[in-house]
There are 2 protein chains.
Amino acid sequence: MTPSVRAVDVILAKRRGDAHDRDTLEGFIGGYVRGEVPDYQVAAWLMAVVWRGMTERETADLTEVMADSGERLDLAEFAHPVDKHSTGGVGDKTTLVLAPLLAALGASVAKMSGRGLGHTGGTIDKLEAIPGFRAELDREAFFRQVREIGVAVTGQTRALAPADGLLYALRDATGTVASLPLIASSIMSKKLAGGARTIVLDVKVGHGAFMRTPDEARALAASMVAIGHHAGRTVRAVLSNMDEPLGTAVGHALEVREALATLRGAGPPDLRELVLTLAGELLEAAGLVTGRGEVEAALDDGRALERFERWVAAQGGDVARLDDLEVATETADWCADASGYLTSIDAQKVGAAVSHLGGGRRQKGDVLDLGVGAVMRAKVGDAVRAGEPLVTLHHRDGRGLEAAWATLAGAASIGERGERRPLVLEVVR
Amino acid sequence: MTPSVRAVDVILAKRRGDAHDRDTLEGFIGGYVRGEVPDYQVAAWLMAVVWRGMTERETADLTEVMADSGERLDLAEFAHPVDKHSTGGVGDKTTLVLAPLLAALGASVAKMSGRGLGHTGGTIDKLEAIPGFRAELDREAFFRQVREIGVAVTGQTRALAPADGLLYALRDATGTVASLPLIASSIMSKKLAGGARTIVLDVKVGHGAFMRTPDEARALAASMVAIGHHAGRTVRAVLSNMDEPLGTAVGHALEVREALATLRGAGPPDLRELVLTLAGELLEAAGLVTGRGEVEAALDDGRALERFERWVAAQGGDVARLDDLEVATETADWCADASGYLTSIDAQKVGAAVSHLGGGRRQKGDVLDLGVGAVMRAKVGDAVRAGEPLVTLHHRDGRGLEAAWATLAGAASIGERGERRPLVLEVVR
C-alpha cells in the first residue's frame, strides 16, 4: 500500500459507497496477503462490501488482484485450454464424465480441483476411490499428461490465488460469505489463475445449493461472465437445478460407479443431460464443435470412455478394478411416509446424512470413508408408496446411522401430482 | 460468550438488521474485552452496526455492557453527584468555571477527565498549567476532596469502561467512528461508570465539532438522554455552537487565565453564557436550584471563585501564582485579508494551529507546551479591517509557526453583514 493510500481510507471509501480503482484494491488486498494490512481492517471492509456492493469493473479488478496474489498457470502451449467450475452440489460427479469427454473432442483439461468439505464432495476425493489413483501430481507430470492425453486433474495448490484462501477464511468467521461480488471474485480468481481461456460454470440453484433462487443464481452467473469478459476469457454459465441430488448416487465410490455407467451409456438422465449441456456450451465457445450432436456422439460411441480409462491409468489408477470398487455392503432404507409423488428431496440433507456415515469432512484433514453413501431410489416426479424406500444408505456397522436418520427427517416432500422440473434452467453467456 | 451463541451468529444477526438482546451484547463485547472474541469479528460487527444501526433499547444495553466492563465509581455517599461531558471543542475551558460553580451550589463534582488529543485540549492538561497542580489523585484523596470541598478532577483511569478504550481504538482503525449508537454508547458508558446521578452534556455543533449539523447533534443528544433514562439517570443535553472557538483563548495557560477572568466576572460573554446554561440545566435537574438567577448570583458574588481557589489549593496548585501563569511571550498576528464582518472562523483549524506550536498531542504521550496558544482578536459578528489581526499566536522562537500559518489559511470568512448566532441552539431533556 502506497503511503498516500491508508487502509482506513479504503474502508471509509467503501463505507461511503465509492468504487475502488485497481491500484487501491492491489494495495489493500495485496497488503493483506503480505501481512501489511491487519485482518480487522479487512474484516470491516468486507462488511462494507456486503453493504455497498461493487461495480462490475471493480469486481473484475478485485478478481485480477486476487489471481495476481500467487502463481498463474501458463497454459499457452495448449490450443484449447478449458475449465469447468461448479458452485457445489450433492452427488455432483460431472467432472468425472465431462473432463474425458472434453479431451476426446480436442480440448485440454488441466484442472486443479478441490477436496470436499461439509455436505459436498470433492472431485479429488472421488477419484481416490479408484485403487492406485494418484490425486497429487507434480507440475511436470501434470503438464506432460495434459500434452499426452488432454486431461489431468490434481489437487488445488496453495500457490494459486492465495488471497482467496485467506479472504475466504476471514469471510467465514465474520459473516461476510454471502455477497455477490465476493463470491464471484473468489470463484473466478482461481479460474483466472488456473489459465484456461474458455470456462463453463455450473451454477446450482435450490435447497442443496448456495444460491437458493434463480434470480440470485442469474446475478452470480452474470457477474462471473462479466469478470471473464474483462479478463479476456470466454465464460458461459449454466444454471442447474439442485432441488434433489444429481443422478442417483451420493458418496465417493458410488459416484465413480455412476460416472462410469454414464460413460457407458447407462447413467441417469439428469447427469447425462448436465454433462452434454456443459460440454456443448464449452466446446462451442472454444470453437471445437458446432452443435450438441458432435458432443453426444463422442459420449455414445465410447471415445469419452476410452479417454477416461487412459486418464485413470495415467494417474496410476487400476482400470481393471473399476467395476470392483469397494462399497460398504451393509444397507439401510429410508422410506416414504406417504403415498403420492416425490416433489423434492433436500440435497443438502442427503449430503449431510452421508457425511454422518463417514463420507464427509467436518473439518480439513478428516479422513473419509470412500465406500459409504446413499442411493436415491426415487427421483423428483416419481410415484412413491408409503413404506417403500426413497433412499438406501450404505454404512459401516451402523456408524453414524442415527445421526443420518435425524438429518434426513423431513428431507422429502410427497405431493399429489408428479412433475419433473427441467434440470437446466438457463444459460448465461 | 455462551457456547450456544457464536460470535459469527451475532455478526450475521446485525448484518440482517436484527436487534441484539443484552445477553448477546454481554457475550460479544464482554468476550472481546476478555480476549475470547477476536478483533476481526468485532470489526465486521462494528461495520454492520454502522450499516444497520441500533434501537434505543439496544444502544442502552450496549452502554450498560460497556460500563460493566470495568469498575463503577460508587458515589452513593453524596446527595447530589453530578457530571458534565463535552463532545469536544476548541478553547473549551468550561469545566474550570462550571465545576466550582456547581460545588458552590451544593452539588458533588467527582470528575474523571481526559487528556487532549489532536486539535482539542483536555481539562487535565489545562489544570496542569497551574504551578504545583496534581492532576492524578489516588482514590482516597479524590473522595476526601469531594467530601470536603465538593469538587475534585482527576485523570481518567483505564479501570472505568475499559471496553470503550478497546472499541474506540478498533473503530479508529476500521472507519467505524462515525455512528450514532457507537458514539452515544462510548460517551455514556464512561458517564454511567463514573457514578453521577445527574449529567449534563454539551453537544458541540459546527466546523470545530464532531457533529456538523444541528440535526446530527440533536439525534446524538436524544440518544444519550434516552440511554440515561434507561439507566435511571437524569440527563440533559445542550446543543452549543462551535463555528468559532469558545471565548477568546486557545491554549492551556491562556485558557486557565480566561476561566479565572470569567470567575471574576470579566470573561467573554459566550463562555459565561455556556457555563450558566449548563449549570442551570444540571442544578435544576438535580433539584438544587429553581432558576438561573440563583446560578448567576453564585458566579457573580464570588462563591464560585472562592470554590475554585479551594479546589486548586486542595490539588496542590499555587493560588498565589494564578495571575502569573507562564505564557509564551513571543507573538505573531494572523490578519484579515479583507474588510467587513467576521462570519465564521474554523475552530478546528485554530486548534490545529495551536497544536503545531506545541500545544497539542499528535499521539498519546507527546509532551505539551502549556504556554503556547492563540487569542481571538475578533469574534463572529465583529467588524474587521483588512490588515488588522484576527488571531494572535503565542509561540516559542517561531517553532511550528510556518505550519500554523498554513493551517490557518482560509480559516476565516469575512462577509458584508455582521450577524451573531446564538451560542446555545437548544436543550434536549
**Complete:** The residue from B:ARG197, B:ARG158 that alone is basic (Lys, Arg) and within 21 Å of B:GLU77 (Cβ to Cβ) is B:ARG197
**Fill in**
Over region A:74-102, the set of residues at pLDDT 95 or above and either among the β-branched types (Val, Ile, Thr) or in a loop (DSSP other than H, G, I, E, B) (or both) is A:ASP74, A:LEU75, A:ALA76, A:GLU77, A:PHE78, A:ALA79, A:HIS80, A:VAL82, A:LYS93, A:THR94, A:THR95, A:VAL97
**Request:** Working only within region A:47-60, note down all residues that are facing another protein chain (nearest Cβ under 9 Å), touching a residue at least 60 places away in the same chain (Cβ under 8 Å) and within 17 Å of A:ASP9 (Cβ to Cβ).
**Result:** A:MET47
**Message:** Regarding region A:7-28, can at least one residue be identified that is away from every other protein chain (no Cβ under 14 Å), open to solvent by 20 Å² or more (accessible area, probe 1.4 Å) and farther than 28 Å from B:ALA178 by Cβ?
**Reply:** no
**Asked** From the residues in region B:128-172 that are in contact (Cβ under 8 Å) with a residue 12 or more places away in the chain and within 14 Å of another protein chain (Cβ to nearest Cβ), which one is nearest to B:LEU105 (Cα to Cα)?
**Response** B:TYR168
**Complete:** If we take region B:260-375, then helices (runs of 4 or more DSSP H) inside it with 1 or more residues that are surrounded by 19 or more Cβ atoms within 10 Å (Cβ to Cβ) and in the same structural domain as B:HIS85 (by TED's automatic domain parsing) are B:269-285, B:292-300, B:303-314
**Message:** Regarding region B:114-121, can at least one residue be identified that is charged (D, E, K, R), open to solvent by less than 10 Å² (accessible area, probe 1.4 Å) and either within 14 Å of another protein chain (Cβ to nearest Cβ) or out of contact with any Pro (no Cβ under 8 Å at 6 or more places or on another chain) (or both)?
**Reply:** no
**Prompt:** For region B:360-377, what are the residues that are closer than 14 Å to B:GLY91 by Cβ and modelled with pLDDT of 95 or more?
**Reply:** B:VAL372, B:GLY373, B:ALA374, B:VAL375, B:MET376, B:ARG377
**Complete:** When region B:62-77 is checked residue by residue, the ones that are of a type outside the set (D, E, K, R) and open to solvent by 20 Å² or more (accessible area, probe 1.4 Å) are B:SER69, B:GLY70, B:ALA76
**Fill in**
A:VAL205 meets each of (1) modelled with pLDDT of 95 or more; (2) buried (at least 22 other Cβ atoms within 10 Å of the Cβ) with one exception, condition (1)
**Request:** Count, please, the residues in region B:408-419 that happen to be within 15 Å of B:VAL250 (Cβ to Cβ) and either open to solvent by 50 Å² or more (accessible area, probe 1.4 Å) or part of a loop (DSSP other than H, G, I, E, B) (or both).
**Result:** 1
**Fill in**
Expected output for region A:34-46 (first residue more than 7 Å from every other protein chain (Cβ to nearest Cβ) and outside any loop (DSSP other than H, G, I, E, B), partner open to solvent by less than 10 Å² (accessible area, probe 1.4 Å) and β-branched (Val, Ile, Thr), Cβ below 7 Å, 6+ apart or cross-chain) is A:TRP45/A:VAL10; A:TRP45/A:ILE11
**Item:** Search result, residues across region A:147-178 that are at pLDDT 95 or above, β-branched (Val, Ile, Thr) and open to solvent by 10 Å² or more (accessible area, probe 1.4 Å)
**Value:** A:ILE149
**Asked** Quick check: anything in region B:395-407 surrounded by 14 or more Cβ atoms within 10 Å (Cβ to Cβ) and β-branched (Val, Ile, Thr)?
**Response** yes
**Asked** When B:LEU220 is evaluated against the numbered criteria (1) more than 17 Å from the chain's Cα centre (by Cα); (2) buried (at least 19 other Cβ atoms within 10 Å of the Cβ); (3) in a helix (DSSP H, G or I), which criterion, by number, is the only one it fails?
**Response** (1)
**Item:** Near pairs, Cβ below 7 angstrom, 6+ apart or cross-chain, from region B:346-372 (more than 14 Å from B:GLY251 (Cβ to Cβ)) to any residue that is among the aromatic types (Phe, Trp, Tyr) and crowded, with 22+ Cβ neighbours inside 10 Å
**Value:** none
**Message:** Can you pull out every residue in region A:103-119 that is farther than 22 Å from A:VAL225 by Cα and in a loop (DSSP other than H, G, I, E, B)?
**Reply:** A:LEU105, A:GLY106, A:ARG115, A:GLY116, A:GLY118, A:HIS119
**Request:** Kindly provide the set of residues from region B:223-233 that are in contact (Cβ under 8 Å) with a residue 60 or more places away in the chain and part of a loop (DSSP other than H, G, I, E, B), ordered by number.
**Result:** B:ALA231
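The values are calculated or read from the model by the stated rules, or taken from the named source; none is laboratory data. Source: prediction; values computed, not measured. Every residue, glycine as well, gets a Cβ built from its backbone with ideal geometry; the counts of neighbours run over all protein chains shown. Note: areas computed on protein heavy atoms with side chains; ligands, DNA, RNA excluded. Shrake-Rupley method; radii C 1.70, N 1.55, O 1.52, S 1.80 Å.
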